Amino acid sequence: MSEISDTPEGKPRMAYHLASPDAVKAMFALSVAVQKLGIEPKLLDLIHLRVSLINGCAYCIDLHNREALARGETARRLNLLPVWHEVPHLYTSRERAALAWTEAVTLISQTHVPDDVYAHARTEFSETELTNLNLAVVAINGWNRFAISFRKMPEELK
């Protein structure tokens, strides 16, 4: 794959929210549904940010980093999220299980979600919770694919 964008630097390809309001409305409905599933907001922040880091989505990394900080997450934990495996003491067992699951599902074509990742997740999450966690991962991956495909840019700093 080419590293060179064929759109001018910092310019979105198109306003997909205007091109298909119904598609964006469906994505927002999914996000609202995820918010109502009982996943702890701080855990959801970590999931959103980790998926966005894996996928390289600048818009979502910026957005979810700011949201997590606003909810009281520490800059240290956010900064070390890409290497959470190396600093397990900074994340709870439940967070580590969720992060491993999140990575395996996001990279599903490479990982096929290994049995050990599933087993670890099941020690921390009920069947319902893991299903809900999976939907959260699916939703943020969907948003990343919209933002990356159409080159949605982070908001200007104020």
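Couple of notes before you dig in:
- Placing a pseudo-label 7 Å from each Cα along the Cα-to-Cβ vector at residue 36 and residue 122 gives an inter-label distance of 3.0 nm.
- Extension reserve of the residue 75-residue 138 stretch, reckoned as 0.36 nm per residue once the Cα distance is removed: 20.2 nm
- With a Förster radius of 25 Å applied to the beta-carbon distance between residue 86 and residue 54, the computed FRET efficiency rounds to 0.95.
- Residues of the chain were split at every exposed loop site, defined as GluC sites (Glu not before Pro) in a DSSP loop with at most 16 other C-beta atoms within 10 angstrom, and the longest piece left, sites excluded, is 10-154.
- Charge dipole (the chain, unit charges on Cβ, about Cα centre) - positive-most of 52, 84, 69: 69
- log₁₀ of I(q)/I(0) at q = 0.15, 0.20 Å⁻¹ - the chain, Debye sum with one point per alpha carbon: -0.85, -1.40
- Principal-axis tilt of helix 58-70 within the chain, Cα atoms, nearest 10 degrees: 50 degrees
- Angle between the chain longest axis and helix 41-55 axis [Cα atoms, degrees, rounded to 10]: 60 degrees
- The phi-based Karplus calculation (6.51 cos²θ - 1.76 cosθ + 1.60; θ = phi - 60°) puts the 3J(HN,Hα) values of the range 84-100 at 4, 4, 7, 10, x, 5, 7, 10, 5, 4, 5, 5, 5, 5, 5, 5, 5 Hz, whole numbers, x for Gly and Pro.
- The stretch between residue 153 and residue 62 holds 31.8 nm of extra length on full extension. This uses 0.36 nm per residue minus the Cα-Cα distance.
- Residues considered: 79, 55, 65. Largest GNM mean-square fluctuation over the chain, using C-alpha springs under 10 Å, is found at 79.
- Relative to the longest principal axis of the Cα atoms of the chain, the long axis of helix 127-149 makes an angle of roughly 20 degrees.
- For the range 73-78, 3J(HN,Hα) per residue [Karplus equation, 6.51 cos²θ - 1.76 cosθ + 1.60, θ = phi - 60°, Hz, x = Gly/Pro]: 5, 8, 4, 4, 5, 5
- Separation of the range 41-83 from the range 113-137 is 20 Å, based on Cα centroids.
Coordinate-derived values only; no laboratory data. Treat the numbers as computed from the prediction; the structure is a model and nothing was measured. Methodologically, a virtual Cβ is constructed for each residue, glycine included, from the backbone with ideal geometry; neighbour enumeration extends over all protein chains shown.
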